[in-house]
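A.B. asks: First the structure, which I've put down as structure tokens, then a few questions once you've had a look.
The values are calculated or read from the model by the stated rules, or taken from the named source; none is laboratory data. Every value quoted in this text rests on a predicted model; they were computed, and no experiment measured them. All Cβ positions, glycine included, derive from the backbone under ideal geometry; neighbour counts span all protein chains shown. Calculation scope for accessible area: heavy atoms of the full protein, side chains included, ligands and nucleic acids excluded. Shrake-Rupley method; radii C 1.70, N 1.55, O 1.52, S 1.80 Å.
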Amino acid sequence: MNYKKYHRGYYMPPKESLKWSKKEFIDKAPIWCSVDLRDGNQALITPMNLEEKLDFFKLLVKIGFKEIEVGFPAASATEFDFVRKLIDEDLIPDDVSIQVLTQSREHIIKKTFESLKGCKNAIVHFYNSTSFAQRQQVFKKSKDEVKKIATDGALCVRELAKQTQGNFRFEYSPESFTGTEIDYALEVCNEVIEILNPSKEKSMIINLPATVEMSLPHIYASQIEFMSENLNKRDSVLISLHPHNDRGCAVAAAELGVLAGADRIEGTLFGNGERTGNVDLITLAMNLHTHGIDNKLDFSDIPSIANLYERVSKMSVYERQPYSGKLVFAAFSGSHQDAIAKGMAYHKENSLSTWTVPYLPIDPKDLGRVYESDVIRINSQSGKGGISYILNQHYKADLPSILKEEFSYHIKDISDKAQKELNPNEICEIFERDFVNLTSPLEILDYNFNKKDSMQVTLNLSFNGEKKTKQSQGNGRLDSIASALKEVLDINFEILDYSEHSLKEGSKSQAISYVYVDFEGKKMFGVGIDEDIIAASIKGLTSAINRALKKEG
């Protein structure tokens, strides 16, 4: 691999621009602009049809985007018709501006304005590439010739806006900004600004795209800071970023760019776009959310957003995509599960208002995720904390520590042999099948207690299908049952521990009991569940004995 054929293709500012590096955090959300319907759409193997674009547009409005780039209307009939449909059918909310893209070429700009006639709020986004490589290799034009493409475009949009019914703002992009000499990019943008003459009341947008990501994120931030400090009419100009993800650093570049003075971000949901994609707006927005900043967007139901996106784009959301992927909150590791379970219990017990659960930088419920199925995932690597958490959520069962360990080994062994993950329903089914209210080979049919000097019991039972009756006595109800079982079955065991609690609140609550026995050297738990606490304890005892007998057999 010949690394020597590559060089640093980006351009540093002519003077130091590092004020952004002194800032600790972003204190407010930028203006968001979704380009899913244009930049994202053009990157699809099969671009969205008109109905799919409309569904996506409605989703973006619902999420809260106030600026949405809806297409390149001069590029195709579908693009043109979609813009007209939005306008003619009054589908654009009054507080939403649609944005359309056009090259800085007169006939394309004219077609663009045709599509926008009557639009209440539109941003006309015109661009031309200014990079050294494109000037040299594609256009074969000088700096002045390329600058003239930009200024001619500015003059054209200014005049056509006057002639066309509607309310228009302007956005200019020196495409391939990161591959452009910074002082030259500034010169081009400033001349465009002078032509369009924005005001505080009607600002314009200068978009500085990392059309190709060429540098470390801090270089991009320094470029943005230099532009921000040297653009003309800065108080009437919004600086917008459009980072691509060629180096996998688009999110970092966007965040540092905002620290450096950017006011606005263009990107897509889930980062879809050309090559490695655009910056992921969900990640950026939720990063703000986790720092306690209102991001102004609603991502409280990520599963439904992902479902619509996958349907209309025919793309898939990667399982490990930050915030959005199906596995991003999943903990398979036993130590992670234990820490999460204990952290969540601590938060609940102490009514904490600030989220600090270990391993979870955000509350999954904020994104419409479910703890039981999205966070605690069970396989052969899982530990007792996660497995017992699943039971706690399903039964409200608080297993004794020794039983947690015993049940976790049981679950991990099943998962390992099956070579698969076990979902919460399967775990609960295994718990019920192998630990709870077991009736084979021993089943208690009925019992009657009589309290005299000691607790006396008449016990009817079935053992291996044979019915038997036995009278016995003990210090209490469970002890008298144990004595009767020892005598009638000629077995020896000792109750080592017993505990119980209610499973639900209210008059119809069930009780769950955990009975730990030493059955001729084999120590194991049985679990009983019943509306009656005595019945639950007896079922727990017989479950423990049945497990011991099966293991012995």
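A.B. asks: Take the residues of region 389-434 that are open to solvent by less than 60 Å² (accessible area, probe 1.4 Å) and small (Gly, Ala, Ser): which is nearest to Lys468 (Cα to Cα)?
C.D. replies: If we take residues in region 389-434 being open to solvent by less than 60 Å² (accessible area, probe 1.4 Å) and small (Gly, Ala, Ser), then Ala397 is nearest to Lys468 (Cα to Cα).
A.B. asks: Sticking with this structure for a sec: Among the residues of region 480-525, which ones are within 12 Å of Leu403 (Cβ to Cβ) and in contact with a Lys or Arg (Cβ under 6 Å, 6 or more places away or on another chain)?
C.D. replies: Met524
A.B. asks: Taking only region 275-302 into account, find how many residues are touching a Ser or Thr at 6+ places or on another chain (Cβ under 9 Å) and farther than 20 Å from Lys28 by Cβ.
C.D. replies: 3
A.B. asks: In region 476-496, how many residues are under 18 Å from Gly540 (Cα atoms) and open to solvent by 50 Å² or more (accessible area, probe 1.4 Å)? Explain how you work it out, then say what you get.
C.D. replies: Quick first cut of region 476-496, residues under 18 Å from Gly540 (Cα atoms) only: 476-486, 489, 491-496.
Pick out the ones that are also open to solvent by 50 Å² or more (accessible area, probe 1.4 Å) and you get 477, 479, 486, 492, 494-496.
Summing the residues that are under 18 Å from Gly540 (Cα atoms) and open to solvent by 50 Å² or more (accessible area, probe 1.4 Å) in region 476-496 gives 7.
A.B. asks: Does region 233-260 hold any residues that are out of contact with any Leu (no Cβ under 8 Å at 6 or more places or on another chain), within 16 Å of Asn207 (Cβ to Cβ) and outside any helix (DSSP H, G or I), and which are they?
C.D. replies: Of everything in region 233-260, those that are out of contact with any Leu (no Cβ under 8 Å at 6 or more places or on another chain), within 16 Å of Asn207 (Cβ to Cβ) and outside any helix (DSSP H, G or I) turn out to be Lys233, Leu238, Pro243, His244, Ala260.
A.B. asks: Which residue, of Arg320, Arg311, is surrounded by fewer than 20 Cβ atoms within 10 Å (Cβ to Cβ), on the phi < 0 side of the Ramachandran plot and over 16 Å from the mean Cα position of the chain (by Cα)? Working first, answer last.
C.D. replies: Working: Arg320 fails: over 16 Å from the mean Cα position of the chain (by Cα).
Result: Arg311 is the single residue among Arg320, Arg311 that is surrounded by fewer than 20 Cβ atoms within 10 Å (Cβ to Cβ), on the phi < 0 side of the Ramachandran plot and over 16 Å from the mean Cα position of the chain (by Cα).
A.B. asks: Can I ask one more? Among the listed residues Leu281, Leu256, which satisfies the condition of being among the aliphatic types (A, V, I, L, M) and either at pLDDT below 95 or within 24 Å of Lys314 (Cα to Cα) (or both)? Walk me through it before giving the result.
C.D. replies: On the way: Leu256 fails: either at pLDDT below 95 or within 24 Å of Lys314 (Cα to Cα) (or both).
Within the list Leu281, Leu256, the selection yields Leu281.
A.B. asks: Quick one: Ile362 ticks every box in (1) farther than 30 Å from Ser509 by Cα; (2) surrounded by fewer than 16 Cβ atoms within 10 Å (Cβ to Cβ) except a single one, so which number is it?
C.D. replies: Checking Ile362 against (1) farther than 30 Å from Ser509 by Cα; (2) surrounded by fewer than 16 Cβ atoms within 10 Å (Cβ to Cβ), the one that fails is (2).
A.B. asks: Right, another one. For Lys296, work out the one condition from (1) in a helix (DSSP H, G or I); (2) touching a residue at least 24 places away in the same chain (Cβ under 8 Å); (3) open to solvent by 70 Å² or more (accessible area, probe 1.4 Å) it doesn't fulfil.
C.D. replies: Of the numbered conditions (1) in a helix (DSSP H, G or I); (2) touching a residue at least 24 places away in the same chain (Cβ under 8 Å); (3) open to solvent by 70 Å² or more (accessible area, probe 1.4 Å), the odd one out for Lys296 is (1).
A.B. asks: Quick one: which of Ala254, Ala331 is surrounded by 24 or more Cβ atoms within 10 Å (Cβ to Cβ), over 17 Å from Phe65 (Cβ atoms) and in contact with a helix residue (DSSP H, G or I) (Cβ under 7 Å, 6 or more places away or on another chain)? Break it down into steps so the answer makes sense when it comes.
C.D. replies: On the way: Ala254 fails: over 17 Å from Phe65 (Cβ atoms).
Among Ala254, Ala331, only Ala331 is surrounded by 24 or more Cβ atoms within 10 Å (Cβ to Cβ), over 17 Å from Phe65 (Cβ atoms) and in contact with a helix residue (DSSP H, G or I) (Cβ under 7 Å, 6 or more places away or on another chain).
A.B. asks: Could you list, in sequence order, the residues of region 170-202 that are in a helix (DSSP H, G or I) and of a type in the set (S, T, N, Q)?
C.D. replies: Within region 170-202, the first condition is being in a helix (DSSP H, G or I), and the residues that meet it are 177-179, 182-196.
Those that are in a helix (DSSP H, G or I) and of a type in the set (S, T, N, Q): Thr178, Asn190.
A.B. asks: Inside region 106-126, can you point out the residues that are in a helix (DSSP H, G or I), open to solvent by 10 Å² or more (accessible area, probe 1.4 Å) and closer than 12 Å to Thr164 by Cα? Steps first, answer last, please.
C.D. replies: Pass one, region 106-126, residues in a helix (DSSP H, G or I): 106-116.
Now restrict to residues that are open to solvent by 10 Å² or more (accessible area, probe 1.4 Å): 106-108, 110-111, 114.
Correct list: Lys110, Lys111, Glu114.
Matching residues to (1) closer than 30 Å to Glu187 by Cβ; (2) in contact (Cβ under 8 Å) with a residue 12 or more places away in the chain; (3) in contact with a Cys (Cβ under 7 Å, 6 or more places away or on another chain); (4) not aliphatic (A, V, I, L, M):
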site: Ile31; (1), (2), (3), (4): yes, yes, no, no
site: Glu52; (1), (2), (3), (4): no, yes, no, yes
site: Val70; (1), (2), (3), (4): no, yes, no, no
site: Asp90; (1), (2), (3), (4): no, no, no, yes
site: Gln103; (1), (2), (3), (4): yes, yes, no, yes
site: Phe126; (1), (2), (3), (4): yes, yes, no, yes
site: Ser131; (1), (2), (3), (4): yes, yes, no, yes
site: Phe139; (1), (2), (3), (4): yes, no, no, yes
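A.B. asks: For the structure I just gave you, tell me whether Ser173 is more than 22 Å from Ala74 (Cα to Cα) and modelled with pLDDT of 95 or more. Give the steps one after another, and end with the answer.
C.D. replies: Numbers: more than 22 Å from Ala74 (Cα to Cα): no; modelled with pLDDT of 95 or more: yes.
Spelling it out, it is not the case that Ser173 is more than 22 Å from Ala74 (Cα to Cα) and modelled with pLDDT of 95 or more.
Residues checked against (1) in contact (Cβ under 8 Å) with a residue 40 or more places away in the chain; (2) among the aromatic types (Phe, Trp, Tyr); (3) in contact with a Cys (Cβ under 9 Å, 6 or more places away or on another chain):
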residue: Ser76; (1), (2), (3): no, no, no
residue: Val83; (1), (2), (3): no, no, yes
residue: Asp94; (1), (2), (3): no, no, no
residue: Ile98; (1), (2), (3): no, no, yes
residue: Cys119; (1), (2), (3): yes, no, no
residue: Asp144; (1), (2), (3): no, no, no
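A.B. asks: Of all residues in region 210-233, how many are surrounded by fewer than 21 Cβ atoms within 10 Å (Cβ to Cβ) and under 15 Å from Lys22 (Cβ atoms)?
C.D. replies: So the answer is 2.
A.B. asks: Are there any strands (runs of 3 or more DSSP E) wholly within region 396-483 with 2 or more residues that are closer than 24 Å to Ser509 by Cβ, and if so which? Steps first, answer last, please.
C.D. replies: Details: elements: 442-451, 455-463, 466-474.
Qualifying strands (runs of 3 or more DSSP E): 442-451.
A.B. asks: Going through region 14-51 one residue at a time, which ones are open to solvent by less than 30 Å² (accessible area, probe 1.4 Å), of a type in the set (S, T, N, Q) and either under 30 Å from Asn230 (Cβ atoms) or out of contact with any Pro (no Cβ under 9 Å at 6 or more places or on another chain) (or both)?
C.D. replies: Ser17, Ser34
A.B. asks: Please state which one of Gly257, Gly261, Gly277, Gly179 is touching an Asp or Glu at 6+ places or on another chain (Cβ under 8 Å) and of a type outside the set (A, V, I, L, M, F, W, C). Explain how you work it out, then say what you get.
C.D. replies: Values: Gly257 fails: touching an Asp or Glu at 6+ places or on another chain (Cβ under 8 Å); Gly277 fails: touching an Asp or Glu at 6+ places or on another chain (Cβ under 8 Å); Gly179 fails: touching an Asp or Glu at 6+ places or on another chain (Cβ under 8 Å).
On inspection, the qualifying residue turns out to be Gly261.
A.B. asks: Moving to a separate point now. Which residue pairs have Cβ atoms closer than 7 Å, lie 6 or more positions apart in sequence or on different chains, and pair a first residue in region 476-505 that is touching a residue at least 24 places away in the same chain (Cβ under 8 Å) with a second residue that is among the hydroxyl-bearing types (Ser, Thr, Tyr) and part of a helix (DSSP H, G or I)?
C.D. replies: Cβ pairs passing all conditions: Leu478/Ser537; Tyr498/Ser537; Glu500/Ser537; Leu503/Tyr395.
A.B. asks: So which residues in region 25-54 are in contact with a His (Cβ under 8 Å, 6 or more places away or on another chain) and under 12 Å from Val258 (Cα atoms), if there are any at all?
C.D. replies: Residues satisfying the conditions are Phe25, Ile26.
A.B. asks: For the condition over 29 Å from Pro400 (Cα atoms), modelled with pLDDT of 95 or more and open to solvent by less than 80 Å² (accessible area, probe 1.4 Å), what is the one hit in Asn437, Asn460? Even if it seems obvious, please write down each step before you answer.
C.D. replies: Working: Asn437 fails: over 29 Å from Pro400 (Cα atoms).
After ruling out the rest, the residue left standing is Asn460.
Conditions tested, residue by residue: (1) farther than 17 Å from Pro322 by Cα; (2) hydroxyl-bearing (Ser, Thr, Tyr).
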{"residue": "Ser222", "(1), (2)": "yes, yes"}
{"residue": "Glu225", "(1), (2)": "yes, no"}
{"residue": "Ser236", "(1), (2)": "yes, yes"}
{"residue": "His244", "(1), (2)": "no, no"}
{"residue": "Gly257", "(1), (2)": "yes, no"}
{"residue": "Ile265", "(1), (2)": "yes, no"}
{"residue": "Asn272", "(1), (2)": "no, no"}
{"residue": "Arg275", "(1), (2)": "yes, no"}
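A.B. asks: For the list (1) at pLDDT below 90; (2) within 19 Å of Pro441 (Cβ to Cβ); (3) under 42 Å from the mean Cα position of the chain (by Cα), I need the number of the one condition that Glu520 fails.
C.D. replies: Condition (3) is where Glu520 drops out.
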